[in-house]
1. What angle do you read, to the nearest 10 degrees and between 0 and 90, between the alpha-carbon axis of helix B:46-55 and the longest principal axis of chain B?
2. With runs of 4+ DSSP H residues as the only contributors, calculate the mean residue ellipticity of chain B at 222 nm using -39,500 (n - 2.57) per run, divided by the residue total and rounded to the nearest 500.
3. With unit charges on the beta carbon (Lys/Arg positive, Asp/Glu negative), name the residue among A:ASN203, A:THR67, A:VAL33 whose Cα is farthest towards the positive pole of the charge dipole of chain A.
4. Angle check, please: helix B:250-264 long axis (alpha carbons) against the longest principal axis of chain B (alpha carbons), in degrees 0 to 90, nearest 10.
5. Note down the relative contact order for chain B as a percent, whole number, built from C-alpha pairs under 8 angstrom at least six residues apart.
6. In degrees from 0 to 90, rounded to the nearest 10, what is the angle of the helix A:79-115 Cα long axis to the longest principal axis of chain A?
7. To make sure I understand, if each residue's beta carbon is the centre and we count other beta carbons within 10 Å, what order do A:MET153, A:MET130, B:MET151 fall in, fewest to most?
8. Treat every Asp and Glu Cβ in the stretch B:103-279 as -1 and every Lys and Arg Cβ as +1, leave all other atoms uncharged, and give the resulting dipole magnitude about the Cα centre to the nearest 20 debye.
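Any read-out appearing in this document is the output of simple, stated calculations on the displayed coordinates, not a laboratory observation. Computed from a predicted structure; not experimentally measured. Neighbour counts are summed over all protein chains in view; Cβ atoms, including those assigned to glycine, are modelled from backbone coordinates with ideal geometry.
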Amino acid sequence: MTATVAVNFGAGRRLARRFAGHRLALFGAVVVVLLCAAALFAPLIAPHDPVELDTSLRFMAPFQSATHPLGTDEIGRDTLSRLLYGGRVSLTVGLVAMLTTVLTGASIGVLAGYLGGWVDALLMRFVDTMLCFPQVFLLLVIAAFIPPTLLSMSLIIGLTSWMEVSRIVRSEVLHLREQDFILAARALGASSGRIMFRELLPNAAAPILVAATLKVASAVLMESYISYLGYGVQPPLASWGNMLTNAQGYFDTVPWLAVLPGVLITLTVMGFNFLGDGLRDALDPRLTLNR
Amino acid sequence: MLRFIATRLLQSIPLVIGVSLIGFALMHLAPGGPLAVYTLNPSINAQDIERIRIIFGLDQPIHIQYVKWATGMLRGDWGNTFFGGRPVLDVILERVPATMLLMGSALAVAIVLGLAIGILGAVKRHSIFDYLATSGALFALSFPTFWFGLMAIYVFAVRLRWLPSGGMFELGEEDNIIDLLRHLVLPTAVLGLVITASWSRYARSAFLEVLQQDYMRTARAKGLRFHQRLLRHAFPNAVKPLIALLGVELPFLFSGALVAETIFGWPGMGRLFVDALSMKEYPILMGMIVFTALFVIVGNLLADVAIAAIDPRVRLA
């Protein structure tokens, strides 16, 4: 492997490291694109209807038949089809939650950073307060209050995880607002709203993009956990989380039913994490200094 | 130092008020509000509910209700559970030791392993080890903890039968420390893995930062040995942000403990929370939310005090 060759050479080692770093980000990007494509084209790729059951074909093992490539579950539903449709759920919730997070976090961050004074103090105390709550606790309580839909789950996840984004945006804005182009915009008579959302936010796009990518990963994780506990996507609709709940009952006899959704959750989360980490390396020179 | 602690305590007050406001709001947002248990009970009619509303003071203006509720919380009156009518605070406090044991052992594992991996990665920066450790940590952080726990149960409890699959004790073995430790291994490993991964990343960047400082070069020029430089010069400086992190990461630790406890049936606060969730025990849920948040505030306070104790620049500023 490249790594072993590079051991003795300083420059080679650096190169190997850089290449490997990019390779992980590249790997993340490929995984993300493949998963998105699979979710998008699920109706075309899926060999069966994900809720169609066939009790004569229960617990089929993977790679045994061409009609059910990844086998069937406890009531004979096609595992591959369910995984594909489950992916749609995970990615939809992940993306919508991320959008909620970014919209809320960026708005609060830019308001606090640009307006300063008591607005800043108040908003940041609110951020501090929200950060005191363990996210899973808050999530589960609210998820138990309202009947779960894809939208409600995304909103709950998004509205309990925007605090980091607002801190990032605020510190970025504090630095940006002292720069000449903001002075110029003000001199030209631009309104505060225009300065905040047309001048400041676009210039803070890089750290927001990095945070957004990483937020998709954590949102996918949260969705699968809520659904696993039964407060998320309700059966018969498939999600990777509730597929795991079902599989748990047949653990010792058919472990693959529990392995497959878990592998896909890991792969998705990892894809977005690697991509986000790579983006951070590429976009944020201050953080790259320490690498 | 006393002045630092006093200032820091004062700064916590708005947080405590904020936490109580959110807790109060959640309780009123719950379906059925604070009286949900009575509305669900078929033998209680609307008139009774109206009477209970007045007895509990729920007909009063919302701000008066809040003040009453908050002062009650301060006095230790956290309300009673729906089923059984036990004081909520007692029910929660019962579960604290089990969670502390799990979180403590996972944290201990994570701090030792995470620091070791992080320091080694920082010292041998860009080495194969560093590369494997950083990408391995990111990989571990992508694991869904609950799935990892299920797989661990499958391998070590179901297939290999080395360890128990859940709970804290075998029946009749309540005082057996070996039995307790055997039950502790899997939940600790599962919770510890994620924390170790994040700690190794933070430790690495904290040490990288410190190792580049001028005083490290001075120490080297003085002829100090490597381990002397690392332990006497680098460690106290690098460890400060990590102590702060200990406070900041507390909510994640609670979230992780909740996940580990539900998978392994560990009888701690997380398990209590999930059980309360399925029984719609709103008083326990609200109590838990406020309790964990207050715990986090205190944890952050202690972390800051610890940093001030190490670093005079912080306490005199």
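1. In chain B, helix B:46-55 runs at an angle near 60 degrees to the longest axis.
2. Helix-only estimate at 222 nm: -24000 deg cm²/dmol.
3. A:ASN203
4. 70 degrees
5. 27 percent
6. It is inclined by approximately 10 degrees.
7. Working: A:MET153 28, A:MET130 21, B:MET151 18.
Placing the least packed residue first, the sequence is B:MET151, A:MET130, A:MET153.
8. With only Lys, Arg, Asp and Glu charged at Cβ, the dipole is about 1240 debye.
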